[in-house]
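Only one structure is covered here, and it is reproduced in the block below.
The values are calculated or read from the model by the stated rules, or taken from the named source; none is laboratory data. Computed from a predicted structure; not experimentally measured. In this analysis, Cβ positions are derived from the backbone assuming ideal geometry, glycine residues included, and neighbour counts consider all displayed protein chains.
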């Protein structure tokens, strides 16, 4: 979602939205000097709430039901109290637009309201563009809103990016919807792990353990998808992991770091290896870290066999780059072989 804030020094409402590799900010509206700061903050709060509703429709694959003109009209001509009565819209998105309209109606002149309406339309257009698979500009924040399907065209794009760079190019987290990006990355991770396991003569779980030891890091996501969920289809794995994290974020179950409760007492243990507050990014980051972990294990083995006594991390930039290209070719063959 786009988060809005009031900058009292610059007298502006600032919009900030996430992308796969950071956040982008821009000025949404100039605040009239005569407008009380509390009303400016309430405007920012209402804009943030409206953005939450808009991107929820995207995540729920209901963006086609949005009516940009109706939302703009609600901001321009909101329902106003008649005596003690106020008409409340059943739809949360529409009601938030009316609330926003009632707030900006208290601002002097028309410029502030017009700027707010323009931003509402820009946000709605971004959601609709993302729904069509266009992830540029403001629509790029779609990469942090997981959906429950993996469109074929997005899968093709993700596989093409990974074919160009089997270690996970930056564009995989900025240019592809999170579900297909994760599905494709998991496919390449499994092929990489199978390749490395065959080369070093160990099992896939051993490869994960070696990668953790070499990199001095906890590859929880990689370990879970390669060991616990081995044999389960990529799309099913990704969907289940994202659903668990989303349910945890919505409060359907509590993520507890302590020992699971005793199931014999009527408790059901549910866990997630993802960050419930940012499931899409944490899943993709975990998978990409797994790709790099597999390469580290492969690199150690190749250097140990071909140049005994040489420290892999002291092989030199040129040698490491050449080995990286060689590894990428081997991973591509592994993927083509259907490992």
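Only a single item in (1) free of Cβ contacts under 8 Å to residues at least 12 places away in the same chain; (2) in the same structural domain as residue 290 (by TED's automatic domain parsing); (3) not in a helix (DSSP H, G or I) is not met by residue 134, and it is number (2). Got at least one residue in the stretch 290-309 being at pLDDT below 90 and either in contact with a helix residue (DSSP H, G or I) (Cβ under 6 Å, 6 or more places away or on another chain) or not assigned by TED's automatic domain parsing to the domain that holds residue 178 (or both)? There is at least one residue in the stretch 290-309 that is at pLDDT below 90 and either in contact with a helix residue (DSSP H, G or I) (Cβ under 6 Å, 6 or more places away or on another chain) or not assigned by TED's automatic domain parsing to the domain that holds residue 178 (or both).
Under the condition of being within 13 Å of residue 241 (Cβ to Cβ) and over 10 Å from the mean Cα position of the chain (by Cα), the residues counted in the stretch 268-297 number 9. Evaluated against (1) out of contact with any helix residue (DSSP H, G or I) (no Cβ under 6 Å at 6 or more places or on another chain); (2) free of Cβ contacts under 8 Å to residues at least 60 places away in the same chain; (3) not assigned by TED's automatic domain parsing to the domain that holds residue 26, residue 190 falls short on exactly one condition, (2). Listed conditions (1) part of a loop (DSSP other than H, G, I, E, B); (2) surrounded by 18 or more Cβ atoms within 10 Å (Cβ to Cβ); (3) out of contact with any strand residue (DSSP E or B) (no Cβ under 8 Å at 6 or more places or on another chain) are all met by residue 89, apart from (2). Of all residues in the stretch 1-26, those satisfying the criterion of being assigned to a strand (DSSP E or B), over 24 Å from the mean Cα position of the chain (by Cα) and free of Cβ contacts under 8 Å to residues at least 60 places away in the same chain are 6, 7, 12. If the condition is being surrounded by 13 or more Cβ atoms within 10 Å (Cβ to Cβ) and over 24 Å from residue 203 (Cβ atoms), then the stretch 297-339 contributes 310, 315, 319, 320, 324.
Total residues in the stretch 195-229 satisfying the condition of being assigned to a loop (DSSP other than H, G, I, E, B) and either in contact (Cβ under 8 Å) with a residue 40 or more places away in the chain or exposed (fewer than 15 other Cβ atoms within 10 Å of the Cβ) (or both): the figure is 6. Evaluate the following for residue 35: is it surrounded by 18 or more Cβ atoms within 10 Å (Cβ to Cβ), over 30 Å from the mean Cα position of the chain (by Cα) and not in a strand (DSSP E or B)? Considered against the rule, which asks whether it is surrounded by 18 or more Cβ atoms within 10 Å (Cβ to Cβ), over 30 Å from the mean Cα position of the chain (by Cα) and not in a strand (DSSP E or B), residue 35 comes out as yes.
Against the list (1) part of a loop (DSSP other than H, G, I, E, B); (2) touching a helix residue (DSSP H, G or I) at 6+ places or on another chain (Cβ under 9 Å); (3) without any contact (Cβ under 8 Å) to a residue 12 or more places away in the chain, the condition residue 78 fails is (3). Within the stretch 138-167, being more than 15 Å from the chain's Cα centre (by Cα), modelled with pLDDT under 95 and in a loop (DSSP other than H, G, I, E, B) holds for one residue alone: 151. What about residue 8, is it exposed (fewer than 13 other Cβ atoms within 10 Å of the Cβ) and in contact with a helix residue (DSSP H, G or I) (Cβ under 6 Å, 6 or more places away or on another chain)? When the stated conditions are applied, residue 8 passes them. Per the conditions (1) out of contact with any helix residue (DSSP H, G or I) (no Cβ under 8 Å at 6 or more places or on another chain); (2) without any contact (Cβ under 8 Å) to a residue 40 or more places away in the chain; (3) under 23 Å from residue 49 (Cα atoms), the sole criterion not satisfied by residue 164 is (3).
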